[in-house]
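The values are calculated or read from the model by the stated rules, or taken from the named source; none is laboratory data. Since the model is a prediction, treat every value here as computed from it, not as a measurement. Please note: Cβ atoms are built from the backbone with ideal geometry, for glycine as well, and neighbour counts cover all protein chains shown.
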Amino acid sequence: MPDEGHDTLIDVPGGVRLQKVLAAAGVGSRRHCEEMIGEGRVEVDGEIVRRYGARVDPQLQIIRVDGRRIPGREDLVYLGLNKPVGVLTTMSDSRGRPTIADFLGDSAERLFHVGRLDYDTEGLMLLMNDGELAHRLAHPSYGVLKTYLADVAGPLPRDLGRQLVTGIELADGVATADRFRVVERAGSRALVEITLHEGRKHIVRRMLAEAGHPVSRLVRTQVGPVSLGPLRPGTTRRLTIREIGELYAAVGL
């Protein structure tokens, strides 16, 4: 039997049973969620809850499983999109050009895109209707890392990585990379990976061009803990509970 002695949660009048909230969020079956509650792995507003019948308000209370926050509201949507080249990061365009809304169906109107990708840049975009999380992920003060693969002109000097990490002087100030590595060299071209928390427009292309290695193709492969993986261009996927929890943690929610 679960130990109720450590549970100081006061049930919310008219609330939803905790195991139902967890199951609806995709944590597991209701039975599995009950087991997690009994094992003391679930917190509500910082308190470990061990009672199967505890009632909570998922709209107002913060629920964590194994330390990771979960989305409590059933209406919250979190998506990853592989944006193709030649698509605008907007929900509509007066000139009729392709936009990310073309890939989102009926949910496009209520989703925020986290940051932007240039028209000629492809790869991972995050979209959600969780306004606070979207705002924090996009705000430079939270320093969420983004990783890109860039096809650049070679040959590459040995100290290119040091230059980028130390800082490249641009017209609007110094820009720095957090990490850099060469993935592949092939004749006059090279494939490099660059990770940074900068959010200025065209920042990766500008940094590499200023260093003497203009980019011919740029793909964003990761935003914070979320990776592009095998997601095909023009398709979306729902983020996992683990990924959502790690995004919350990355911005202090």
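Annotations for the structure displayed:
- Filtering the stretch 202-229 to residues that are within 14 Å of the chain's Cα centre (by Cα) and touching a residue at least 60 places away in the same chain (Cβ under 8 Å) leaves Arg220, Thr221, Gln222, Val223, Gly224, Val226, Ser227, Leu228.
- The stretch 74-95, subset surrounded by 15 or more Cβ atoms within 10 Å (Cβ to Cβ) and of a type outside the set (A, V, I, L, M), residue nearest to Gly131 (Cα to Cα): Tyr78
- Verdict on Gly199 being at negative phi, in a loop (DSSP other than H, G, I, E, B) and within 22 Å of the chain's Cα centre (by Cα): yes
- When restricted to residues that are in contact (Cβ under 8 Å) with a residue 12 or more places away in the chain, over 18 Å from Gly143 (Cβ atoms) and outside any strand (DSSP E or B), the stretch 161-193 contains 5.
- The set of residues in the stretch 123-144 being surrounded by fewer than 21 Cβ atoms within 10 Å (Cβ to Cβ), touching a residue at least 24 places away in the same chain (Cβ under 8 Å) and either among the hydroxyl-bearing types (Ser, Thr, Tyr) or part of a helix (DSSP H, G or I) (or both) consists of Glu132, Arg136, Ala138, Pro140, Tyr142.
- Every residue from the stretch 76-114 that is at pLDDT 90 or above, more than 15 Å from Arg220 (Cβ to Cβ) and basic (Lys, Arg): Arg95, Arg97
- Residue check, Gly105 at positive phi and of a type outside the set (Phe, Trp, Tyr): yes
- Leu117 vs. criteria part of a loop (DSSP other than H, G, I, E, B), out of contact with any Asp or Glu (no Cβ under 7 Å at 6 or more places or on another chain) and surrounded by 20 or more Cβ atoms within 10 Å (Cβ to Cβ): yes
- Unique match (being over 21 Å from Val251 (Cα atoms) and outside the structural domain of Asp106 (by TED's automatic domain parsing)) among Gly46, Gly28: Gly28
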